[in-house]
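Please treat every number below as a calculation from the coordinates, not as lab data. Note that the structure is a prediction, hence the values are computed from the model and not measured. Cβ atoms come from the backbone with ideal geometry, glycine included; neighbour counts cover every protein chain shown.
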Amino acid sequence: MKKVLTIALFLAGTTLFAQAPASTTPAQTSTAPGAKATALSKSWILSSTENFGDKHAPTDIQKIDLLNLMEGGHYRLIMNGVAESGTWMLSKDNLWITLTSSTSDVKKFKILESTETMLKVDYRDADDIHNILVYSLIKR
């Protein structure tokens, strides 16, 4: 009986140890600082929008919408046919793009997904409505 109890305790302890997280510190990345910002510094055109998981083509007003993030920290945005420009920055956690227009208006885009050719962001408008915007790389 003593042997069975010892084996049971050993197995329970091993199982608990195996399920414990290896580390409680955030994972370190090998990407150099600013690499993500450099990767986003491109000209993007609105290719679709999403509403509750349904994809929609840009409306007639949105057909010219674009986001041009320049390496020098400046941007040009056309949203719903209205153009603006200013400065942009990427948060340290590479999750938020903050656009500050020349009139000091601030827009925040939460990066949901980004690849070499696609940028998907969540933008909350003045009415606090989520707008999922999917941009494609402008091919030159």
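Would you mind checking the radius of gyration and Dmax of segment 73-122 based on alpha-carbon positions, in Å?
11.2, 31
Using r as the Cβ-Cβ distance of residue 122 and residue 76, and R0 as 25 Å, what FRET efficiency do you calculate, to the nearest 0.05? Spell out each step's value before the answer.
Details: r = 21 Å, r/R0 = 0.83.
For R0 = 25 Å, the calculated efficiency reads 0.75.
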